[in-house]
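Only one structure is covered here, and it is reproduced in the block below.
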Amino acid sequence: MHNLLDKVRPHFEKGGRFPKMYRTFEAFETFLFVKGDVTTRGSHIRDAMDMKRTMFHVIIALTPVLLFGMWNVGLQHYRAMGEEVAFIDQFLFGLIRVLPLVVVSYASGLIVEFIFATIRDHEVNEGFLVSGMLIPLIIPVTTPLWMVAVATVFAVIIGKEVFGGTGMNILNPALLARSFLFFAYPAYLSGEENPAGNFVWTQAPADQAVDAFSGATPLAVAATESTIGEASVSQIMESMPSALEMFLGTIPGSVGETSTLLILLGGLILVATGVGSVRIMLSVVAGGLFMGLLFNLFAVNAFMELPVYYHLIMGGFAFGTVYMATDPVSASQTGSGKYIYGFLIGVVTLLIRVVNPAYPEGMMLAILFMNVFAPLIDHYVVEANIKRRMKRLQAVGEKSA
Amino acid sequence: MSEIIHIKRGLDIPLRGDADKILQTQPRSANYAIRPTDFHGLFPKMLVEEGDKVKAGTPLFFDKNNEEVVFTSPVSGTYKELIRGAKRRILEVRIEADPEDEYVNFGTADPAALSRDEIKEKLLKSGLWPAIRQRPYSVIASHHDTPRDIFISAFKTTPLAPDMDFVVNGQEDTFQTGLNILNKLTDGDVHLSVHGKNTMSKAFTEAKNMALHRFTGPHPAGNVGTQIHHVKPINKGDIVWYLNVQDVIIIGRLFEKGIYDASKVIVLNGSEVIKPRYYRAINGVNISALTDNNIRKEEGTTPRFISGDVLSGEKVAPDGFLGFYDDQVTVIPEGDEPELLGWLIPKLEKFSVSRTFFSFLMPWKKFRLNTNIRSGERPFVVTGIYEKVFPMDIMPMQLIKSIMINDIDMMEKLGIYEVAPEDFALPEFVCPSKIEMQTIVREGLDSIKKEFE
């Protein structure tokens, strides 16, 4: 196997037939083999962990959510059509719908990554392996494929490459792709029915659905009913799926965001392996709970009275907490900064959800908003460290004076 | 007396091949060498010509930028050749050893009766001055300075480090003489740091003329940089000196016997060594005298010889020489074989601080780690792991980034004066982006030194 690679390698090297494809070749080579490169200076031994493995573990943590998302797509479809079919049919229906999203997201994003790696002549970074999986999980299954491609390319170029590539970006690329869609094609990303006559959140033509099926997400229900102003909190809760359903995830929503249970499982994997930041996850939840309780306390309208735990299982809160807020590059990079960053994400999410009727979901905007603020938070944490050092210097100066 | 300082953040890398506590006298090697590259920033100017006879203590070369600092031969013999590297840089000054050593006589002296300048002069003339290094910058101390304090670490926590209790055994008095001398070089204290539980030797715990500190915890608790940070951190403008325990002993010998006797106890270990042992050897020894017929031969693996420890040591040839500051030769396997899906398959012989390999399930296991980098270099992505192995109130990633963009002002603010490359060995080890932090820190120290010269 490796001999084969050695044989074709000269074609890709300088003077070969495809020198421009060298970075592409290298990416595949390093995917198949860990190279025999050895240390020359500094530490002679290195931790076995590398970027590929880090990203791979996020993918592992995403797998249960992805599989559940596929099944749920099928489930919601047949519910809308009022048909009862076997579990495997539900899953296959979802598989056929979700897989193209994944393929398109990966293909369009990786092409951009490979082109930039070639232009800049650096190794292909592994970061997109995760972004490429996240994008299909945070959009409605009904999103047209060309939109997915456009959004992904936009996110990779504007969100990442213009800043210098993986590790340099300010915003979370996957969320940037989603927000691009959200603002460029709002009709496909929110509401109940998209311009193609389909439900937004469920793969089913709206005019063929059974009457009892509304297709609205719980958050949309809460937002609409509370702005109408008539409904009491118990009425809102009645028109929503039950808390158990929301926790398990058998509700309409973006492909991967619905099952809080499996997202928790993914979160456990990330925390147990040490890949995801437990500080951020916990502080996002703390921020959400804090703001939720504050709303309960003042409870001016029915939405504010909603039990606080509802917010944790509705919409993208759990998914954003576990997979999005923890992106190490766009999050705060300092220890204490992570607490502040996470807490504020929780607070801002609920603020947008409850106080701003224009956007039913606040998680995406809250994370992007805090992405922008993360460097500022870090700046103050670093300043505090510097001040401690200056103080020490002054203390010594006074003593000797 | 002093309370114990617990170091919490750090990492002990469990390597296979620890040495038995057996001390052998190593047969004299045919040649010895001084490596000017051991002394960062040194511009050597030769004082001898090829074929000259030298004694132990005869000056071989001096520092062009600092002419009083001379480097002397560790053995008596014939100055044979100069090994040069790229740009004609001098790598090794080789001496063909006589069967027996003759010493240059520097005269015995009672340190108590000598002035600070007389001590300095003696150390400079005998070639022992380079044993004293300073922070900031981690280079040979300037003899024009008077340091705020002097620090000595009497225990090591680097992987497979020699046991200093075992090393000092039988040389307790000489060590004390060395301490007495150092005490005259500073207006502050000579700080001696010992392990809170493991250090038993009274040479350390009951030494005089010093301030004792007790540390516990994982590596880098034994690094002098960690100790300085927790005992009395370096502020801008401060200069502290630091030495190895065995160099203190060699300094003691100079005053007791009047000679430069560069013999010390070194340890040969690592997973590829058949009989890992302690040896009594002379500085600059050719390591092949230790390793011949003592290295495992295995199909498909070549050994890597390291003068020093696996984290900050120097790669040397199989017939290379022991570095000036080193008391350890480690031999581990090279990792030059490509591995199919190596990033994916968790093998038992892989060690990681992250819990993505099985190594965290087997805390008792000792590993045979090789030199494979495991990935190409990437930008910083993962955060928060460097801090876990860096027990100083310094932000490692932010400091490294400030060095990368050569922001002198920021480096200073973030505490570069306190650190040396070796302090970043563990962050470098754990870095999943495989960033060469020790090299970067050295570059940062260089540019900041240049700025103030």
Give me a count of the residues in the stretch B:423-453 that are closer than 18 Å to B:Val310 by Cα and more than 10 Å from chain A (Cβ to nearest Cβ).
-> 1
Note on the stretch B:364-381: residues more than 17 Å from A:Gly42 (Cα to Cα) and either more than 10 Å from chain A (Cβ to nearest Cβ) or in contact with a Pro (Cβ under 8 Å, 6 or more places away or on another chain) (or both) are B:Trp364, B:Lys365, B:Lys366, B:Phe367, B:Arg368, B:Val381
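Anything in the stretch A:73-94 that is closer than 14 Å to A:Thr250 by Cβ and touching a residue at least 40 places away in the same chain (Cβ under 8 Å)? List them, or say none.
The initial filter retains those residues of the stretch A:73-94 that are closer than 14 Å to A:Thr250 by Cβ, namely A:73-80, A:87, A:90-91, A:94.
Across the stretch A:73-94, the qualifying residues are A:Val73, A:Leu75, A:Gln76, A:His77, A:Arg79, A:Ala80, A:Gly94.
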Select from the stretch A:153-178 the residues that are crowded, with 22+ Cβ neighbours inside 10 Å and assigned to a helix (DSSP H, G or I) and list them in ascending order.
-> A:Ala155, A:Val156, A:Gly159, A:Lys160, A:Pro173, A:Ala174, A:Leu175, A:Leu176, A:Ala177, A:Arg178
Among strands (runs of 3 or more DSSP E) entirely within the stretch B:13-131, at least 3 residues that are within 30 Å of B:Asp165 (Cβ to Cβ) occur in B:23-25, B:31-34
Determine the pairs where a residue that is at the interface with chain A (Cβ under 8 Å from one of its Cβ atoms), located within the stretch B:337-363, has a partner that is aliphatic (A, V, I, L, M) and in a strand (DSSP E or B) with Cβ atoms under 6 Å apart, the partner being 6 or more residues away or on another chain.
-> B:Glu339/A:Val34; B:Gly342/A:Val34; B:Trp343/A:Val34
Please specify each residue of the stretch B:310-329 satisfying the condition of being touching a residue at least 40 places away in the same chain (Cβ under 8 Å) and either at positive phi or at the interface with chain A (Cβ under 8 Å from one of its Cβ atoms) (or both).
-> B:Val310, B:Leu311, B:Ser312
Within the stretch A:270-290, can one find any residue that is surrounded by fewer than 23 Cβ atoms within 10 Å (Cβ to Cβ), of a type outside the set (Phe, Trp, Tyr), over 30 Å from A:Val329 (Cβ atoms) and out of contact with any Ser or Thr (no Cβ under 6 Å at 6 or more places or on another chain)?
-> no
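Please work out if A:Val284 is within 25 Å of A:Leu244 (Cβ to Cβ) and either among the β-branched types (Val, Ile, Thr) or assigned to a helix (DSSP H, G or I) (or both). It would help to see each step written out before you state the result.
On the way: within 25 Å of A:Leu244 (Cβ to Cβ): yes; either among the β-branched types (Val, Ile, Thr) or assigned to a helix (DSSP H, G or I) (or both): yes.
The answer is yes for A:Val284.
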Six or more apart or on different chains, Cβ under 6 Å: which pairs go from a residue in the stretch B:207-219 that's not assigned by TED's automatic domain parsing to the domain that holds B:Ala425 to one that's of a type in the set (Asp, Glu)? Could you list them?
-> B:Ala211/B:Asp189; B:Pro218/B:Asp12; B:His219/B:Asp12
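Before we move on, is A:Leu270 within 14 Å of chain B (Cβ to nearest Cβ), assigned to a helix (DSSP H, G or I) and touching a residue at least 40 places away in the same chain (Cβ under 8 Å)? If you could, list the steps in order and put the result at the bottom.
Working: within 14 Å of chain B (Cβ to nearest Cβ): yes; assigned to a helix (DSSP H, G or I): yes; touching a residue at least 40 places away in the same chain (Cβ under 8 Å): yes.
In short, yes.
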Cβ pairs under 8 Å, 6+ apart or interchain, first in the stretch A:149-164 and on the phi > 0 side of the Ramachandran plot, second crowded, with 16+ Cβ neighbours inside 10 Å, ordered by first then second residue, are A:Gly164/B:Pro379
Checked against (1) over 29 Å from B:Ser201 (Cα atoms); (2) in contact with a Pro (Cβ under 8 Å, 6 or more places away or on another chain), B:Ala141 satisfies every condition except (1)
Can you tell me which residue in the stretch A:199-217 is surrounded by the most Cβ atoms within 10 Å (Cβ to Cβ), limited to those that are of a type outside the set (A, V, I, L, M) and modelled with pLDDT under 80?
-> A:Gly215
Do we have any residue at all in the stretch B:340-355 that's on the phi > 0 side of the Ramachandran plot and in a loop (DSSP other than H, G, I, E, B)?
-> yes
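Working only within the stretch A:351-401, note down all residues that are among the charged types (D, E, K, R) and in a loop (DSSP other than H, G, I, E, B).
If we filter the stretch A:351-401 for residues that are among the charged types (D, E, K, R), which is where we start, we get A:353, A:361, A:378, A:383, A:387-389, A:391-392, A:398-399.
Hit for the stretch A:351-401 is A:Glu361, nothing else.
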Would you call B:Phe155 among the aromatic types (Phe, Trp, Tyr) and within 28 Å of B:Val69 (Cβ to Cβ)?
-> no
In the stretch B:235-304, which strands (runs of 3 or more DSSP E) lie fully inside it and hold 3 or more residues that are crowded, with 22+ Cβ neighbours inside 10 Å?
-> B:240-243, B:263-269
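Quick one: how many residues across the stretch B:382-393 are part of a loop (DSSP other than H, G, I, E, B) and either more than 8 Å from chain A (Cβ to nearest Cβ) or buried (at least 20 other Cβ atoms within 10 Å of the Cβ) (or both)? Break it down into steps so the answer makes sense when it comes.
So the first thing to find is which residues in the stretch B:382-393 are part of a loop (DSSP other than H, G, I, E, B), and the list is B:382-386, B:390-393.
Narrowing the set further to residues that are either more than 8 Å from chain A (Cβ to nearest Cβ) or buried (at least 20 other Cβ atoms within 10 Å of the Cβ) (or both) leaves B:382, B:385-386, B:390-392.
Qualifying residue count, the stretch B:382-393: 6.
The values are calculated or read from the model by the stated rules, or taken from the named source; none is laboratory data. Since we're looking at a predicted model, the values are computed, not measured. Reconstructed Cβ throughout: ideal geometry from the backbone, glycine too, with neighbour counts over all protein chains shown.
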